[in-house]
1. Of the residues G161, G176, G141, G132, which single one is touching a residue at least 60 places away in the same chain (Cβ under 8 Å), more than 16 Å from L34 (Cβ to Cβ) and of a type outside the set (D, E)?
2. Given the criteria within 18 Å of P133 (Cβ to Cβ), touching a residue at least 60 places away in the same chain (Cβ under 8 Å) and buried (at least 22 other Cβ atoms within 10 Å of the Cβ), does G69 qualify?
3. Of all residues being touching a residue at least 12 places away in the same chain (Cβ under 8 Å), out of contact with any Lys or Arg (no Cβ under 9 Å at 6 or more places or on another chain) and not basic (K, R) in the range 22-47, which is farthest from S157 (Cα to Cα)? Just the residue, please.
4. Could you list, in sequence order, the residues of the range 11-66 that are over 25 Å from N131 (Cβ atoms) and small (G, A, S)?
5. Quick one: is A100 farther than 21 Å from L4 by Cβ, buried (at least 17 other Cβ atoms within 10 Å of the Cβ) and under 15 Å from the mean Cα position of the chain (by Cα)?
6. Which of the residues that make up the range 35-66 are farther than 17 Å from C82 by Cα, of a type in the set (A, V, I, L, M, F, W, C) and either in contact with a helix residue (DSSP H, G or I) (Cβ under 8 Å, 6 or more places away or on another chain) or surrounded by fewer than 18 Cβ atoms within 10 Å (Cβ to Cβ) (or both)?
7. Give me the pairs, please: first residue somewhere in the range 87-104 and over 26 Å from A139 (Cβ atoms), second residue anywhere and crowded, with 24+ Cβ neighbours inside 10 Å and hydrophobic (A, V, I, L, M, F, W, C), beta-carbon distance under 8 Å, and either six or more positions apart or on two chains.
8. Just name the residue that is surrounded by the fewest Cβ atoms within 10 Å (Cβ to Cβ) out of those in the range 120-174 that are out of contact with any Leu (no Cβ under 7 Å at 6 or more places or on another chain), among the aliphatic types (A, V, I, L, M) and assigned to a loop (DSSP other than H, G, I, E, B).
Amino acid sequence: MKPLSRSFYLRPTLQVAQELLGKYFIRRVGKNLLIGKIVEVEAYRSNDPASHSFRGKTNRNSVMFCEGGHLYVYFTYGMHFCANIVTGRKGIGEAVLIRAVEPLVGIEVMKKNRFPNLQSHNHQSLINFTNGPAKFCQAFGIARQENGLDLLDSEISITDGERIPSKLIKRSSRIGIQQGVEKRWRFFIAGNSWVSK
C-alpha cells in the first residue's frame with residue numbers, strides 16, 4: 001500500500017488523469033481504513049476556461065498551484081465538497097477532479113457518513129455511496145480541513161490498484177460546466193456501476 005511517487009503526479013495532466021483510473025484512493029480515519037477504486041475523473045488545465053486556475057492564483061485555488069501530489073478540496077453550491085489531485089510542477093495550476101470511486105474497504109463507515117439512518121444496504125444503494133464527486137467526498141469524510149494535504153505524507157494517499165485495459169478507458173466532455181465544453185477531458189471505466197450518471 002505504498003503511495004504513488006511524486007513523479008507520477010508531475011507528468012502531463014491528461015496522462016495522469018487517465019492513469020488514475022484503477023488506482024486506489026486510501027483514507028485512514030483513526031482505526032478505520034477506507035479504500036475506493038478510482039473509476040471516473042475529469043482533467044482541468046491552466047489554459048482551460050472551466051478551470052479554477054484559469055484567471056490566476058487566489059486564496060481559494062492556491063493549493064492548485066502546489067507541486068503535483070497534493071489534494072485540492074473546494075466547496076461548491078454552498079453545500080458540497082469536491083476533491084482534486086494536483087498535477088504538474090509548482091506554479092502551473094492544474095488538477096484532476098475525482099468524480100467517482102468504487103468502494104472496496106470501510107463500506108460501513110462510508111454508509112454512516114452518507115446515510116446515518118440507513119439500517120442496511122443492497123448493491124443498488126451501495127452504488128449511490130460514491131457515484132459522484134460530492135458523494136465521494138462525503139463518504140470518505142473529505143472537507144475543508146483536507147485541502148492541501150500531501151498525498152505522499154498524510155492520512156490520505158493513492159496507491160497502485162488495478163490495471164485497466166485501454167479498451168475500457170473511455171472519454172467524453174466534462175459534466176456541469178459552461179465553458180470548455182468541447183474538451184473531452186472526462187475519463188471513466190466503461191461498464192463500471194459507480195461511474196456517475
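1. None of the others qualify; the one that does is G132.
2. For G69, the condition - within 18 Å of P133 (Cβ to Cβ), touching a residue at least 60 places away in the same chain (Cβ under 8 Å) and buried (at least 22 other Cβ atoms within 10 Å of the Cβ) - is not met.
3. S46
4. Those that are over 25 Å from N131 (Cβ atoms) and small (G, A, S): G30, S46, S53, G56, S62.
5. no
6. Correct list: F54 only.
7. G93/M64
8. Taking the candidates together, the pick is A143.
Bear in mind these aren't lab numbers, they're just calculated from the coordinates by the rules spelled out. All values derive from a computational prediction rather than experimental measurement. When we count neighbours, we look across all protein chains shown, and the Cβ atoms used for this are built from the backbone with ideal geometry, even at glycine.
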